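These notes are about the structure you will find just below.
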Amino acid sequence: MSETTSASAVSRSGSLPGSLPGDLPRRERLARIVRVDHAGEYGAKRIYEGQIAVMGKGRHGRTLRHMAEQELVHLEYFEKQLNRRRVRPTLLQPLWHVTGFLLGAGTAILGERAAMACTVAVEEVIEEHYEAQLKHLGPEEQELTDSIRKFQAEEVEHRDIGLQNEAERAAGYPILSAAIKAGTRAVIWVAERV
């Protein structure tokens, strides 16, 4: 069987590459990917808006605005994907609106290093999350795959910016980082489903 025939068979069966019996059908899995990525980018936008509200006039203002602009591009892409694929956004978006801003502003109030620690923690989880998604996308989703790879690279850039700006020297870094990572993973799980 040729690769083309094999890919067609996979698409017709409704399964994604690497799928196992009991896994979600292809359409539902793609809907979850688009929904959660839209929710994540919306949350990231709000985190940076919260940080900018507190630190925007300081020495990190330009850097925060640069990262926020990239997140806005990601968000706009996933908004188009929601519409194109007729996928509803997460029902909890109003909650992300508030909590994202509070997380950004709250860590910024704790100090520049804490704000950068927030960025590092969130972006490390998102980078892993995108990597896991890429394993479930086949050749028929090349445009989505390419976009996720590009966004993943920008999230890694944000993480590196946070590390370069002494995120790991924030007071209570291990606890702060672990709490933000746990919260981010929980939000990902919920946003895929609700």
What single numbered condition from (1) within 18 Å of Trp189 (Cβ to Cβ); (2) at pLDDT below 95 fails to hold for Val122?
(2)
What is the number of the single condition among (1) modelled with pLDDT of 95 or more; (2) outside any helix (DSSP H, G or I) that Gly58 does not meet?
(1)
Looking at region 104-118, is at least one residue closer than 14 Å to Glu155 by Cβ and in a helix (DSSP H, G or I)?
yes
When Thr99 is run through (1) in contact (Cβ under 8 Å) with a residue 40 or more places away in the chain; (2) buried (at least 20 other Cβ atoms within 10 Å of the Cβ), the failure sits at (2)
So, of the residues in region 132-157 that are more than 11 Å from the chain's Cα centre (by Cα) and acidic (Asp, Glu), which turns out to be surrounded by the most Cβ atoms within 10 Å (Cβ to Cβ)?
Glu141
For region 168-175, does any single residue satisfy the condition of being in contact with a Lys or Arg (Cβ under 8 Å, 6 or more places away or on another chain), outside any helix (DSSP H, G or I) and either closer than 25 Å to Gln81 by Cα or in contact (Cβ under 8 Å) with a residue 40 or more places away in the chain (or both)?
yes
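Tell me yes or no: at least one residue of region 107-126 is farther than 20 Å from Ala167 by Cα and surrounded by fewer than 19 Cβ atoms within 10 Å (Cβ to Cβ).
Quick first cut of region 107-126, residues farther than 20 Å from Ala167 by Cα only: none.
No.
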Close pairs (8 angstrom Cβ cut-off, 6 or more residues apart or separate chains): at positive phi in region 183-194, surrounded by fewer than 20 Cβ atoms within 10 Å (Cβ to Cβ) and in a loop (DSSP other than H, G, I, E, B) anywhere
none
Options Arg149, Arg169; residue that is modelled with pLDDT of 95 or more and within 24 Å of Gly106 (Cβ to Cβ)
Arg169
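The values are calculated or read from the model by the stated rules, or taken from the named source; none is laboratory data. Predicted model only: the values in this text are computed from it and were never measured. Reconstructed Cβ throughout: ideal geometry from the backbone, glycine too, with neighbour counts over all protein chains shown.
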